[in-house]
Amino acid sequence: MNEPQYANPQLLRNAMLQLNFEALSAEMVRMRCEVILQQNIWLQQQQHLLQHNQLLLLTLMQAVSQNANTQTKLQQLTLDSQCDALTKTLNRNIMLDRISQAISMAKRQQSHFALLFIDLDRFKPVNDQYGHAAGDAVILQVCERLTAAVRDSDAISRHGGDEFLLLLNDIKDNQAATLFANRLVQALAQPYQIAGASVVLSASIGIALYPEHSHSAKALISCADAAMYRAKQQGGSRAC
């Protein structure tokens, strides 16, 4: 009995492909080749577009990151230009502007505010004995106590050296301002910890009121400064 004959599968596939190809006209072959070519070109274009978009996205992300860094730096520069380098409280020029704003608001609202001029008593011996780093440490501790005493609506400025200004909004009268200043005198008389030692200082505080004492920012500062010197002449550690 003869064994059945089987066709080689690979030869069969080649024959079928050849038959199908030969069954096509020359025009159909050309059209199919053109379709395949166009598909290949489209795929290459899409790949190029994808690569271009990825590069564009990366560029945009870098630009956004750089812009954010620039904005942060600008904000920091603005903050630095408004603040004292050591204490980060307002500097003299910005405080002068805040006082002028307070005057304008008080005029509109027919309200009052107080300006306190604070100067530490016998601060120079601390610098002489313990050094300027210890003196800076005292200044920072003074700022912490001032910050703890005021409200968010108030303002603190380092006027220079060991001098500070406090702008207290909505203070009704001299009695209220004096009560606040006396509490501040007590707070600033507490010991300061520096260089492994404890030192005791005091403060003299001058009070100026708007509108009682003046109607301009610079004049109010001068009035508070003069009142502070009167407190020193009376022995310090007091408010006038």
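A compact table of results
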{"item": "Flag if D152 is outside any helix (DSSP H, G or I), among the acidic types (D, E) and within 29 Å of the chain's Cα centre (by Cα)", "result": "yes"}
{"item": "Among the residues listed as A197, A137, A155, A181, the single one being over 22 Å from L90 (Cα atoms) and among the aliphatic types (A, V, I, L, M)", "result": "A197"}
{"item": "Residue that is farthest from G206 (Cα to Cα) [pool: residues in segment 122-132 that are in contact (Cβ under 8 Å) with a residue 12 or more places away in the chain and surrounded by fewer than 17 Cβ atoms within 10 Å (Cβ to Cβ)]", "result": "G131"}
{"item": "Residue count, segment 116-133 (criterion: charged (D, E, K, R) and either at positive phi or under 30 Å from the mean Cα position of the chain (by Cα) (or both))", "result": "2"}
{"item": "Some residue of segment 118-140 being of a type in the set (S, T, Y) and part of a helix (DSSP H, G or I)", "result": "yes"}
{"item": "Number of positions in segment 109-121 that are modelled with pLDDT of 95 or more and either aromatic (F, W, Y) or exposed (fewer than 12 other Cβ atoms within 10 Å of the Cβ) (or both)", "result": "2"}
{"item": "Test: residue in segment 196-215 that is small (G, A, S), in contact (Cβ under 8 Å) with a residue 24 or more places away in the chain, crowded, with 16+ Cβ neighbours inside 10 Å and assigned to a helix (DSSP H, G or I)", "result": "no"}
{"item": "Filter result for R145 (within 23 Å of the chain's Cα centre (by Cα) and not polar (S, T, N, Q))", "result": "yes"}
{"item": "Looking only at segment 230-240, and only at residues there that are in a helix (DSSP H, G or I) and in contact (Cβ under 8 Å) with a residue 24 or more places away in the chain, the one that is surrounded by the fewest Cβ atoms within 10 Å (Cβ to Cβ)", "result": "R230"}
{"item": "Pairs with Cβ under 9 Å, 6+ apart, first in segment 86-115 and over 11 Å from N169 (Cβ atoms), second of a type in the set (S, T, N, Q) and crowded, with 19+ Cβ neighbours inside 10 Å", "result": "T89/S157; L90/S157; N91/S157; R92/S157; I94/S157; M95/T89; M95/S157; L96/S157"}
{"item": "Matching residues, segment 155-169, being crowded, with 16+ Cβ neighbours inside 10 Å and assigned to a loop (DSSP other than H, G, I, E, B)", "result": "D162"}
{"item": "Filtered residues of segment 140-154 (kept if β-branched (V, I, T) and surrounded by fewer than 20 Cβ atoms within 10 Å (Cβ to Cβ))", "result": "T147, V150"}
{"item": "Filter pass, L184 being outside any loop (DSSP other than H, G, I, E, B), touching a residue at least 40 places away in the same chain (Cβ under 8 Å) and assigned by TED's automatic domain parsing to the domain that holds K232", "result": "yes"}
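The values are calculated or read from the model by the stated rules, or taken from the named source; none is laboratory data. All of these numbers come straight from a predicted model, not from anything done at the bench. Methodologically, a virtual Cβ is constructed for each residue, glycine included, from the backbone with ideal geometry; neighbour enumeration extends over all protein chains shown.
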